[in-house]
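S.K.: Shown below is the structure under consideration.
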Amino acid sequence: MKLVGFFLLLAGWAIVLAALGVIGSGVPLTAFVLSGTGVEILGLALVIRSHLVRRHEDGA
Amino acid sequence: MPAPALPETTSILCVFLILLVPLAVAGLALINTGLGRSHGAAHMMLASLCVFAVAGGVYFLCGFAWQGYIGMPAHSVAVSGKPWNWIGAQPFLLLHLELNGSASSLAVMLQIFSVALAALIPLGAGIDRWRLAAICSSTALLAGWTYPVFAHWVWGGGWLAQLGVNYGLGHGFVDAGGASSIQVLGGLTALAIAWILGPRRGKYSTEGMPNAIPGHNAVLVMLGCLLVLMGWLGLNSAGAILFTGSQPGQTVLIAINTTLAAASAGMAAALITRLQFGRPDVSLTANGWVSGLVASSAACAFIAPVEAVLIGIVGGALTTLSVEWFELRLGVDDPGGAISVHAVSGLWGLLAVGLFADLPTRVLNVAGAPAERGNAGQWLAQVVGIATLLGFVFPLTYGLNLALNLVCPHRVVAEGERQGLDLYELGAGAYPEFVTHTEEFTQR
């Protein structure tokens, strides 16, 4: 789960970079940048969740 | 393109302001020490000194070579016909750099202190269980790679600063005082360290409920808060002049905004803890104070005092609530509150630039004198910067520290944690003439 989370963090950043490189300006740029950031937040949530699960498995 | 020249009076003012910045380092060291246990106080102060030394040395060795400064040689790639400046191309060891009061030399002077400040932040998350050797190694990675690369993008005329010129996003990513490259970068590294280290022994019960392990010296913490304010006045003012082209006269506005943000954040934290617990909490109020400084850093030169108060109040509230969230809900043991104070509040400060800042028509954060630009799209440039911190800097710093953990374990062994890092790693305590209380917090 942690690896998937970090993959989503990087993928979200890649979406932001790709939006800048390919779209360049306007409403679609805004939409893609916000989407990329959303993917990052999802990734961060997964990384957090993976640490919570590990803590419960460790018993504290 | 040559680096922008500064008038002599501006250079002198900058030198004075930069000389205040080590006070922020000293203040943060005192805060971290006061929030830790008494049997790790000498270790924390020594670790802070080592961090300062290693960060400065590594930055001198190779950090500035990667970071560079606005208008200095850098490597670029063309993306859809637009140049993306991605890393500096300076020689190592500051060779061929004239240290004569020019803007680039003042930037080096400021950066040697700034990188130490950034590297000191994770110490707050690793209190009482982070080995000295691992601290020094982690600092070298931060000062030699993570910090210079990101700081180049923001302060060296890199692609984040170019977002305005290349894509019409306001003035590009703007961060006058280092909310991103110093605070959030340090705060995210603190999160990575806290996760890798795990909580202190006895912090959580077998049911997962956190136990309170109070800091040993509130006086050190409060003295640290006052010193940190002095350092931040220099950091925000010198950063605004060197990295956004602010005029020396704006130092008055920056000082007022910085102080108001700290004061309002501290009061917000005191009020919230008063409502929560029936009396103000010392450590959370101190955290709130510093979080106000952090939140003010990015926008300090471009907001009105009333907006600084608002930014401070939100920063203080966010920090107070997120400290509890990290400890209770996420099980992250961060004794110094470094993640909430520096990462959470820093991210809010960066967003606040897009929401409140009234930027001048020219912000000198890229090479040459850019054409006059408006504020349209500024918030999106700030979001791109935040996305870069979360999507690039955090995985990078987590990965580097995880790899380091394989060759140089971060966490001290259980016996060392029971004895205290002072005795275990240094052989003597900070307070040898005092008999300290028994180990009621640590599981045997």
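The values are calculated or read from the model by the stated rules, or taken from the named source; none is laboratory data. Every value quoted in this text rests on a predicted model; they were computed, and no experiment measured them. In this analysis, Cβ positions are derived from the backbone assuming ideal geometry, glycine residues included, and neighbour counts consider all displayed protein chains.
S.K.: Look through segment A:18-32, keep the residues that are buried (at least 20 other Cβ atoms within 10 Å of the Cβ) and more than 7 Å from chain B (Cβ to nearest Cβ), and return whichever of them is nearest to the chain's Cα centre (by Cα).
M.R.: Taking segment A:18-32 as the starting set, the residues that turn out to be buried (at least 20 other Cβ atoms within 10 Å of the Cβ) are A:19-20, A:29.
Those left that are additionally more than 7 Å from chain B (Cβ to nearest Cβ): A:19, A:29.
Details: A:Ala19: 15, A:Leu29: 17 Å.
Ranking the candidates gives A:Ala19 first.
S.K.: Taking segment B:400-428 as the region of interest, how many residues are in a loop (DSSP other than H, G, I, E, B) and surrounded by 17 or more Cβ atoms within 10 Å (Cβ to Cβ)?
M.R.: First pass over segment B:400-428, keeping only residues in a loop (DSSP other than H, G, I, E, B): B:408-410, B:412-413, B:420, B:427-428.
Still in the list and also surrounded by 17 or more Cβ atoms within 10 Å (Cβ to Cβ): B:410, B:412, B:420.
Final tally of qualifying residues: 3.
S.K.: Let me ask something else. Among the residues of segment B:361-386, write down those that are farther than 9 Å from B:Gly170 by Cα and either surrounded by 18 or more Cβ atoms within 10 Å (Cβ to Cβ) or among the β-branched types (Val, Ile, Thr) (or both).
M.R.: If the condition is that a residue be farther than 9 Å from B:Gly170 by Cα and either surrounded by 18 or more Cβ atoms within 10 Å (Cβ to Cβ) or among the β-branched types (Val, Ile, Thr) (or both), then B:Thr361, B:Val363, B:Leu364, B:Asn365, B:Val366, B:Ala367, B:Pro370, B:Gln382, B:Val383, B:Val384, B:Gly385, B:Ile386 are the ones that fit.
S.K.: With respect to B:Phe150, is the statement that it is under 25 Å from B:Cys50 (Cβ atoms) and either of a type outside the set (Asp, Glu) or modelled with pLDDT under 95 (or both) true?
M.R.: When the stated conditions are applied, B:Phe150 passes them.
S.K.: Considering only segment B:263-304, how many residues are assigned to a helix (DSSP H, G or I) and in contact (Cβ under 8 Å) with a residue 24 or more places away in the chain?
M.R.: 24
S.K.: Can you tell me which of (1) buried (at least 24 other Cβ atoms within 10 Å of the Cβ); (2) in a loop (DSSP other than H, G, I, E, B) is the one B:Pro199 doesn't meet?
M.R.: (1)
S.K.: Suppose we filter B:Ile31, B:Ile70, B:Ile87 for residues that are touching a strand residue (DSSP E or B) at 6+ places or on another chain (Cβ under 6 Å) and closer than 30 Å to B:Val341 by Cβ; which single one remains?
M.R.: Going through B:Ile31, B:Ile70, B:Ile87 in turn, just one is touching a strand residue (DSSP E or B) at 6+ places or on another chain (Cβ under 6 Å) and closer than 30 Å to B:Val341 by Cβ: B:Ile87.
S.K.: Could you please let me know if A:Leu46 is closer than 27 Å to B:Asp333 by Cα and either in contact with a Pro (Cβ under 8 Å, 6 or more places away or on another chain) or surrounded by fewer than 20 Cβ atoms within 10 Å (Cβ to Cβ) (or both)?
M.R.: Numbers: closer than 27 Å to B:Asp333 by Cα: yes; either in contact with a Pro (Cβ under 8 Å, 6 or more places away or on another chain) or surrounded by fewer than 20 Cβ atoms within 10 Å (Cβ to Cβ) (or both): yes.
Considered against the rule, which asks whether it is closer than 27 Å to B:Asp333 by Cα and either in contact with a Pro (Cβ under 8 Å, 6 or more places away or on another chain) or surrounded by fewer than 20 Cβ atoms within 10 Å (Cβ to Cβ) (or both), A:Leu46 comes out as yes.
Here is a yes/no grid of residues against (1) within 11 Å of chain A (Cβ to nearest Cβ); (2) modelled with pLDDT of 95 or more; (3) closer than 19 Å to B:Ser296 by Cβ:
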site	(1), (2), (3)
B:Glu207	yes, no, no
B:Val219	no, yes, no
B:Leu226	no, yes, yes
B:Leu242	no, yes, yes
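S.K.: Test of understanding: among B:Leu6, B:Leu20, B:Leu13, which residue is in a loop (DSSP other than H, G, I, E, B), touching a helix residue (DSSP H, G or I) at 6+ places or on another chain (Cβ under 7 Å) and modelled with pLDDT of 95 or more?
M.R.: B:Leu20
S.K.: More than 7 Å from chain B (Cβ to nearest Cβ), in a helix (DSSP H, G or I) and modelled with pLDDT under 95: which single residue out of A:Ser35, A:Ser50 fits that description?
M.R.: Checking each option against the conditions leaves just A:Ser50.
S.K.: Can you tell me how many residues in segment B:130-174 are assigned to a loop (DSSP other than H, G, I, E, B) and under 30 Å from B:Ala41 (Cα atoms)?
M.R.: Of the residues in segment B:130-174, 1 are assigned to a loop (DSSP other than H, G, I, E, B) and under 30 Å from B:Ala41 (Cα atoms).
S.K.: Considering only segment B:68-85, I want to know if a residue exists there that is in contact (Cβ under 8 Å) with a residue 24 or more places away in the chain, surrounded by fewer than 19 Cβ atoms within 10 Å (Cβ to Cβ) and in contact with a helix residue (DSSP H, G or I) (Cβ under 7 Å, 6 or more places away or on another chain).
M.R.: So far as segment B:68-85 goes, yes, one or more of its residues are in contact (Cβ under 8 Å) with a residue 24 or more places away in the chain, surrounded by fewer than 19 Cβ atoms within 10 Å (Cβ to Cβ) and in contact with a helix residue (DSSP H, G or I) (Cβ under 7 Å, 6 or more places away or on another chain).
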